[in-house]
1. So which of 98, 137 ends up being more than 30 Å from residue 392 (Cα to Cα) and at pLDDT 85 or above?
2. Looking only at the range 288-329, which residues are without any contact (Cβ under 8 Å) to a residue 40 or more places away in the chain, over 28 Å from residue 385 (Cβ atoms) and open to solvent by 90 Å² or more (accessible area, probe 1.4 Å)?
3. If a residue has to be more than 16 Å from residue 132 (Cα to Cα) and open to solvent by less than 50 Å² (accessible area, probe 1.4 Å) to count, how many in the range 189-219 make the cut?
4. With the requirement that a residue be surrounded by fewer than 16 Cβ atoms within 10 Å (Cβ to Cβ), assigned to a loop (DSSP other than H, G, I, E, B) and in contact with a Phe, Trp or Tyr (Cβ under 9 Å, 6 or more places away or on another chain), what does the range 220-257 give you?
5. Pairs please, first residue from the range 223-250 and under 27 Å from residue 321 (Cβ atoms), second anywhere and among the hydroxyl-bearing types (Ser, Thr, Tyr) and buried (at least 17 other Cβ atoms within 10 Å of the Cβ), Cβ atoms under 7 Å, 6+ apart in sequence or on different chains.
6. Could you tell me how many of the residues in the range 38-65 are within 24 Å of residue 263 (Cβ to Cβ), loosely packed, with under 12 Cβ neighbours inside 10 Å and of a type in the set (Ser, Thr, Tyr)?
7. Name the residues in the range 258-287 that are outside any strand (DSSP E or B) and open to solvent by 60 Å² or more (accessible area, probe 1.4 Å), would you?
8. Going residue by residue through the range 170-179, is there one that turns out to be touching a residue at least 40 places away in the same chain (Cβ under 8 Å), over 20 Å from the mean Cα position of the chain (by Cα) and loosely packed, with under 15 Cβ neighbours inside 10 Å?
Amino acid sequence: MRKTIVLFCALVAVSAGAQNNITRILSSIEANNPRLKAGAQMVLSQKAEVSSQNSLEDPSFGFEHLWGAENARDRKYDISVSQSFDFPSLYVQRNQVGNLKRSLYDGQQALLRQQVLLQAKELCLRIVYLNRCIALGNERQAAADRLAHLYRDRLETGDAAILDVNKIEIEQLNVSTANARLRNELAACLSQLRVLNGGETLDVELSALADYPDFSLPASFDELKEQALQADPELQLLRQENRIADKSVALNRAGWLPKFELGYRHAYELGERFNGLSVGVSIPLFANRKKVKVAKAQALAGTFTLSSREQQVLAELQVAYDEAMSLRENHARYDLLTRQNNLGLLQKALSAGQISMVEYLVDATQLYEAFDNRLSLEYEYQLRLARLYKFEL
């Protein structure tokens, strides 16, 4: 019982360490990623542009100087200053739309952040998988080296044939080639991760990532569905766009309200000066034509788009959940391999002469393929979990 408790605590500590390492990597990438930095600056510029769209128009200044053809003293001066503005309620409605747009731009940045961090997390999971494959490959390489050494000794004493030694050397070559490919892919993944981190060196020993974070499937799909649909950044963006479209309909309706212009005018004519106020009204008989109709059509299109995207996200979630369930069940079938010492039994049988070298190679290759399949299923399962829970990034 005590051994079981110690083993459980060790597994929890390893899983927590893996989770902490990946969390630290994602935090570093969130701070250093060039795309996220560029997106943040773009959000600032978009918000500033929205604020500028609800400002008063520039004031107008006019000056006239007229003189007569017969008498040089027949001069006339006219100076005017005016300011035009929309109906006051329009500024209130534009401000409401502007606030919605600012939230929309924040949502776009949140979606970009999720995409970058999900890409980084998938790379981390790939690194864990490659490290595990390399560890298994090293074990297989060591076993092949021991077998080659054994049969070279037997060859010298006449207990083995040269064909047996050649077959073992082919096994050595195949294993070393596979390991070299895995190390090359690992180096490529590490390079991609550094690129996501803006070229900065990560303060985590990436080669030490050998364990997956501790995540599990929820008890029911309905629980996951509700969380994902509410927290999905893309769906939140579409909902925000629909709110903006609905507000835009009201804003375009208000566009039929008249515009006003107030000003001051000073005139000088034939030695007399005149001062006064000027008032103007602009009635939008033509400028606002069909704008309400266009806004309504856009709002309706947004509603259909949101509904379609929700159905698509729900279908993708269902497929990913079903795949994760299947992968978990298939992975559990391979757990028997970890409780058996089949490779050790094969080596003992070979040393005792109970099986031939060819039989050993065939059976050992079959076992290593099963180990590879187990690692692959585990990796695919973790990928599905990362995508199912991407809204938590």
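1. Values: 98 fails: more than 30 Å from residue 392 (Cα to Cα).
Within the list 98, 137, the selection yields 137.
2. The answer is 289, 290, 291, 293, 300, 304.
3. Within the range 189-219, residues that are more than 16 Å from residue 132 (Cα to Cα) and open to solvent by less than 50 Å² (accessible area, probe 1.4 Å) number 8.
4. Hit for the range 220-257 is 257, nothing else.
5. What qualifies is 224/321.
6. 2
7. Initially, the range 258-287 is screened for residues outside any strand (DSSP E or B), giving 258, 270-271, 283-287.
Selection gives 270, 283, 285, 286, 287.
8. no
The values are calculated or read from the model by the stated rules, or taken from the named source; none is laboratory data. Every value quoted in this text rests on a predicted model; they were computed, and no experiment measured them. Note: ideal-geometry Cβ built from the backbone for every residue, glycine included; neighbour counts use all protein chains shown. Side chains included, ligands, DNA and RNA excluded: accessible areas come from the protein's heavy atoms. Shrake-Rupley method; radii C 1.70, N 1.55, O 1.52, S 1.80 Å.
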